[in-house]
Amino acid sequence: MGRKIIDIPLGSQHISLLEPIKFRFACENEKIVDVSSDVGFVHRGIEKACTTKFAYDAVPYVVARICGLCAITHSLAYTTAAESLLEGVVTRRAKYLRMLLVELDRIHSHMLCLSHTAENAGFEAMFMRIMGDRESVMDIQERITGNRVQFDYVSIGGVNRDITTDIEKEIRKTLAFIREKTHGYLEEFTTNWSLSLKFKGVGVLTLDEAYRYNAIGPLARAAGLATDVRSETDYLPYNEIGYEMRVGEGGDIYSRNIVRLFEILNSITMCENILGGLPEGEIQTKMKGKPTGEALVRLEAPRGELMYYIRGEGKAMLSRVRIKTPTFASIPAFIEVFKGSEYADAPAILASFDPCMSCTAK
Amino acid sequence: MWYSVKKAFTNLLSPPQTIDYPATPIKRVERYRGLIEYGEEHCIYCLKCEKACPPGAILFTHTDTPTENPKNKKSLAYDYNPHLCIYCGECVRACPKPNEALWQSEKKPGIGVKEDRVNERWFEVEGRKGS
Amino acid sequence: MKKIETTLESVVSDLTAFYDYKVWEFLTLNGVAIDEGTTEIQWIFSRYGAIDDVVIYYAPVKNSETVPSVVDLIPSAIISQREIVDMFGITVENSEKGLYLDEDSLSAPLATCRI
């Protein structure tokens, strides 16, 4: 009798999925031997809308609606690109406030991912606890921007709101609370067998595969590939606020969790440094003119590298907006990780990638 | 592992994360981004807010019964759709007289029900604008 | 940002000579509609660990031409090749339609030039 290969789908609706994505696994017994993916379930044509329906100064608000979790990174990457075409200079205070929001966004996005990883290990209580603690980060974001999810905080020329001493105090309090909690999670994720032993050696992406398939973000850093756009660009002064790259080893789910936990701790430190050294000045500078030329901006979103390419012809509408989202670029790497894994591990592996389908299909 | 066990027992005695809604009201933060409000008597009809609004939720259309504001030379009327608005505040930042002619309040919009003809009314406004 | 012009015939050999997978990260494949019937295809790379070192290889493509696939060299290019096929309605070797768009959707939404 020859080898029997069975096709098993995961998605587009599945209990472990937050958003629609479909994988079709070709399995031999329990082992996955081949994978095909379908990612376009939530395609909304945002790239087209940005060039036909909305003028360049309204686009930051359009691209923010690609994804709720990464709203701030999308609008920030776009505005940075547009500002470079308009040749405007943003004040240092505005840059610091932008970094503050991006880092807060990273903290709560990583917490969401960790909670889902815990849930997929069968550890429901941990999921509830992390999600409960995550709410405090959302609260301070609401205090800063006036809204809980859609921040609409960054606009061309700077940021829309300033922070007051009251808010600063509240942020410091919440950051201290989250730091204490994160140390607790670190303890839990390294010593609790459901989260440590169970995840070691599962869903491995080797360093060579990470290079070959251009893995990005925590997925790459967990495999030992030292790439982070925060250290590869200079329009946001990350070197001034104590950014440290954390590179893991092993490239398995466990390693990805640990990288994310340390990134949360680093982001907390960075937020505190931002508050400590917040420069004085205006938060908005007026920018005039119409975007002409082309610009390419990369920004480290919570899930990895986000790239915006825009081209303007001196008119109110841009002629091209290209958005490369982190999950979209990582899908070939995802597929590589699935090959050779057990089918039963697939939901846990998928959750550890922290996929964002709204970003992918845009 | 012991940390988890300890945590499991302390969790039994800790209060829940959720609030007792609707008995306990939801805490509304200060400077919450709410409805855009308009003070007609201070408006100078520069139409900057209309131009700045990303979704086009503010429209000035021609009317036969204009207000008595001397600045309103083209007999325009202000229309605002709270259900289209994204509450970003671009219009207030564009306004030459913020806090007098246009400001962002902390009020919430009402629920858009069929009886209010939310959509139909707005399509009529947009139709007037287009013609 | 450095832009290097190439042609469809020479792109595979150019990229083979250029691309070292431990030095360059392949960002994405991009298309820009130039005028009716012509699209500029860009292969975008960035250097690991260097500040803003981005290299773009680009080639103008007529809609009747077939773009060669670079998947043998850069495996992760497959997903962006499929996106370009959907969005611009051009043909790329070994890249099938249907990543985002269904059979009955509008075809090639980004192909029309607005300038």
query = Quick one: in the stretch A:203-237, which of the residues that are at the interface with chain C (Cβ under 10 Å from one of its Cβ atoms) and among the hydroxyl-bearing types (Ser, Thr, Tyr) is farthest from A:Arg260 (Cα to Cα)?
reply = A:Tyr235
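Under the condition of being assigned to a helix (DSSP H, G or I) and under 24 Å from A:Phe54 (Cβ atoms), which residue from the stretch B:9-49 is farthest from the chain's Cα centre (by Cα)? Spell out the reasoning first.
Going through the stretch B:9-49, the residues assigned to a helix (DSSP H, G or I) turn out to be B:9-13, B:40-42, B:48-49.
So of that shortlist, the ones also under 24 Å from A:Phe54 (Cβ atoms) come out as B:48-49.
On the way: B:Lys48: 17, B:Cys49: 13 Å.
Taking the candidates together, the pick is B:Lys48.
What number of residues in the stretch A:305-331 are among the acidic types (Asp, Glu) and closer than 18 Å to A:Pro291 by Cα?
The qualifying residues number 1.
Here is a yes/no grid of residues against (1) surrounded by fewer than 22 Cβ atoms within 10 Å (Cβ to Cβ); (2) within 13 Å of another protein chain (Cβ to nearest Cβ); (3) modelled with pLDDT of 85 or more:
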| position | (1), (2), (3) |
| --- | --- |
| A:Ile6 | yes, no, yes |
| A:Pro9 | yes, no, yes |
| A:Leu17 | yes, no, no |
| A:Asn29 | yes, no, no |
| A:Ala64 | no, yes, yes |
| A:Cys70 | no, no, no |
| A:Thr80 | no, yes, yes |
| A:Glu87 | yes, no, no |
Hits in the stretch C:60-108 - residues which are within 14 Å of chain A (Cβ to nearest Cβ) and of a type in the set (Val, Ile, Thr) = C:Val70, C:Val71, C:Ile74, C:Ile78, C:Ile79, C:Ile84, C:Val85
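If you take the residues of the stretch A:300-325 that are in a loop (DSSP other than H, G, I, E, B) and touching a helix residue (DSSP H, G or I) at 6+ places or on another chain (Cβ under 9 Å), which of them is farthest from the other protein chains (Cβ to nearest Cβ)? Let's see the steps before the verdict.
First, pick out the residues of the stretch A:300-325 that are in a loop (DSSP other than H, G, I, E, B): A:302-303, A:314-317, A:325.
Among the residues that remain, those that are also touching a helix residue (DSSP H, G or I) at 6+ places or on another chain (Cβ under 9 Å) are: A:302-303, A:317, A:325.
Numbers: A:Pro302: 18, A:Arg303: 15, A:Met317: 7, A:Thr325: 10 Å.
Among them, the one singled out is A:Pro302.
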task = Residue by residue through the stretch C:14-38, note down the ones that are of a type in the set (Val, Ile, Thr) and modelled with pLDDT under 85.
result = C:Ile34, C:Thr38
key: Whichever residue in the stretch C:39-50 is modelled with pLDDT of 85 or more and over 12 Å from the mean Cα position of the chain (by Cα) and, among such residues, is nearest to the other protein chains (Cβ to nearest Cβ)   = C:Tyr48
message = Name the single residue that is surrounded by the fewest Cβ atoms within 10 Å (Cβ to Cβ) among those in the stretch B:78-109 being away from chain A (no Cβ under 14 Å) and farther than 14 Å from B:Ile58 by Cβ.
response = B:Asn99
ask   = Cβ-Cβ below 9 Å, separation at least six or inter-chain, first residue in the stretch A:278-289 and within 7 Å of A:Thr91 (Cβ to Cβ), second exposed (fewer than 13 other Cβ atoms within 10 Å of the Cβ): which pairs?
value = A:Thr285/A:Val89
Which listed residue is away from chain B (no Cβ under 14 Å), buried (at least 20 other Cβ atoms within 10 Å of the Cβ), β-branched (Val, Ile, Thr) and in contact (Cβ under 8 Å) with a residue 40 or more places away in the chain, from A:Ile107, A:Ile130 = A:Ile107
note = Restricted to the stretch B:55-94 and to residues being more than 11 Å from the chain's Cα centre (by Cα) and at positive phi, the residue modelled with the highest pLDDT is B:Gly56
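With the requirement that a residue be buried (at least 21 other Cβ atoms within 10 Å of the Cβ) and either without any contact (Cβ under 8 Å) to a residue 40 or more places away in the chain or over 29 Å from C:Ile78 (Cβ atoms) (or both), what does the stretch A:177-199 give you? Break it down into steps so the answer makes sense when it comes.
At the first step, the residues of the stretch A:177-199 found to be buried (at least 21 other Cβ atoms within 10 Å of the Cβ) are A:178, A:182, A:185, A:188-189, A:192, A:195, A:199.
Result: A:Ile178, A:Thr182, A:Tyr185, A:Glu188, A:Phe189, A:Asn192, A:Leu195.
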query = Picking from A:Ile8, A:Ile72, A:Ile32, A:Ile21, which residue would you name as being out of contact with any Phe, Trp or Tyr (no Cβ under 6 Å at 6 or more places or on another chain) and among the hydrophobic types (A, V, I, L, M, F, W, C)?
reply = A:Ile21
Candidate set: the stretch A:279-299, residues that are assigned to a strand (DSSP E or B) and either of a type in the set (Gly, Ala, Ser) or within 11 Å of chain C (Cβ to nearest Cβ) (or both); chosen: the one surrounded by the most Cβ atoms within 10 Å (Cβ to Cβ) = A:Arg298
inquiry  = Could you go through the stretch A:189-208 and let me know if any residue there is over 30 Å from C:Ser46 (Cα atoms), out of contact with any Pro (no Cβ under 7 Å at 6 or more places or on another chain), in a helix (DSSP H, G or I) and of a type in the set (Ser, Thr, Tyr).
reply    = yes
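At pLDDT 85 or above, within 14 Å of chain C (Cβ to nearest Cβ), closer than 30 Å to A:Thr190 by Cβ and out of contact with any strand residue (DSSP E or B) (no Cβ under 7 Å at 6 or more places or on another chain), is that true of A:Val259?
Details: at pLDDT 85 or above: yes; within 14 Å of chain C (Cβ to nearest Cβ): no; closer than 30 Å to A:Thr190 by Cβ: yes; out of contact with any strand residue (DSSP E or B) (no Cβ under 7 Å at 6 or more places or on another chain): yes.
Considered against the rule, which asks whether it is at pLDDT 85 or above, within 14 Å of chain C (Cβ to nearest Cβ), closer than 30 Å to A:Thr190 by Cβ and out of contact with any strand residue (DSSP E or B) (no Cβ under 7 Å at 6 or more places or on another chain), A:Val259 comes out as no.
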ask   = In the list A:Phe23, A:Phe54, which residue meets the criterion of being within 26 Å of A:Thr117 (Cβ to Cβ), among the hydrophobic types (A, V, I, L, M, F, W, C) and surrounded by 15 or more Cβ atoms within 10 Å (Cβ to Cβ)?
value = A:Phe23
query = Got a number for residues in the stretch C:6-32 being within 14 Å of chain A (Cβ to nearest Cβ), surrounded by fewer than 20 Cβ atoms within 10 Å (Cβ to Cβ) and not hydrophobic (A, V, I, L, M, F, W, C)?
reply = 4
key: Residue under evaluation A:Gly340, criteria (1) farther than 30 Å from A:Gly293 by Cα; (2) touching a helix residue (DSSP H, G or I) at 6+ places or on another chain (Cβ under 8 Å); (3) modelled with pLDDT under 85, criterion not met   = (2)
query = From the set of residues in the stretch A:136-156 that are part of a loop (DSSP other than H, G, I, E, B) and more than 10 Å from chain B (Cβ to nearest Cβ), which is surrounded by the most Cβ atoms within 10 Å (Cβ to Cβ)?
reply = A:Ile156
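Restricting the stretch A:326-335 to residues that are within 8 Å of chain C (Cβ to nearest Cβ) and not aliphatic (A, V, I, L, M), which is surrounded by the fewest Cβ atoms within 10 Å (Cβ to Cβ)?
Of all residues in the stretch A:326-335, those within 8 Å of chain C (Cβ to nearest Cβ) come to A:328-329, A:331-333.
Remaining after also requiring not aliphatic (A, V, I, L, M): A:328, A:332.
Working: A:Phe328: 25, A:Pro332: 22.
Residue satisfying both the conditions and the ranking: A:Pro332.
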task = Run A:Val202 past the list (1) in contact with an Asp or Glu (Cβ under 6 Å, 6 or more places away or on another chain); (2) free of Cβ contacts under 8 Å to residues at least 60 places away in the same chain and report the number of the one that doesn't hold.
result = (2)
ask   = Is it true that A:Leu219 is hydrophobic (A, V, I, L, M, F, W, C), outside any loop (DSSP other than H, G, I, E, B) and within 19 Å of A:Thr117 (Cβ to Cβ)?
value = yes
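Which one is surrounded by the most Cβ atoms within 10 Å (Cβ to Cβ), of the residues in the stretch B:6-53 that are of a type in the set (Gly, Ala, Ser) and more than 13 Å from chain A (Cβ to nearest Cβ)?
If we filter the stretch B:6-53 for residues that are of a type in the set (Gly, Ala, Ser), which is where we start, we get B:8, B:14, B:23, B:34, B:39, B:52.
Going one step further and asking which of them are more than 13 Å from chain A (Cβ to nearest Cβ), we end up with B:23, B:39.
On the way: B:Ala23: 6, B:Gly39: 12.
Checked the stretch B:6-53; the qualifying residue surrounded by the most Cβ atoms within 10 Å (Cβ to Cβ) is B:Gly39.
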key: Residues (in contact with a Lys or Arg (Cβ under 8 Å, 6 or more places away or on another chain) and more than 9 Å from chain C (Cβ to nearest Cβ)) located in the stretch A:31-40   = A:Ile32, A:Val33, A:Asp34, A:Val35, A:Ser36
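The values are calculated or read from the model by the stated rules, or taken from the named source; none is laboratory data. Keep in mind the model is a prediction, meaning the values are calculated, not measured. Cβ sites come from the backbone with ideal geometry, for glycine too, and all protein chains shown count toward neighbours.
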